Amino acid sequence: MAIPVLAEIVETKDLVQTVVFAFVAGVGVTLIFSVAIWGAARFTDLTLEERRVAAVAAAGVAGLALLAVAAAVVIGVIVMTSK
């Protein structure tokens, strides 16, 4: 005779989904931030070499990456506060 389940203690699907999304977000934001660091370092190197156009491009990459990280943080806060 099977015992009926009165309540489910852990929602496994929701738990797995949370772990996967957290991992993807963590790795993704880390990679984007590393691109920002790379762009800033290249900007410094290229400025010292007096390669202005390339330096501006590297600064642009760093700026876009920082904006992407900021957007990810804002989206994360919005998602966490809406649930």
Among all residue pairs at least 6 apart or on different chains, which show Cβ distances below 8 Å where the first residue, located in region 34-60, is in contact (Cβ under 8 Å) with a residue 24 or more places away in the chain and part of a loop (DSSP other than H, G, I, E, B) and the second is exposed (fewer than 12 other Cβ atoms within 10 Å of the Cβ) and not basic (Lys, Arg)?
-> none
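Quick check on residue 18: is it out of contact with any His (no Cβ under 9 Å at 6 or more places or on another chain), at pLDDT below 90 and surrounded by 11 or more Cβ atoms within 10 Å (Cβ to Cβ)?
When the stated conditions are applied, residue 18 passes them.
The values are calculated or read from the model by the stated rules, or taken from the named source; none is laboratory data. What you see is a predicted model, and the numbers here were worked out from it, not measured in a lab. In this analysis, Cβ positions are derived from the backbone assuming ideal geometry, glycine residues included, and neighbour counts consider all displayed protein chains.
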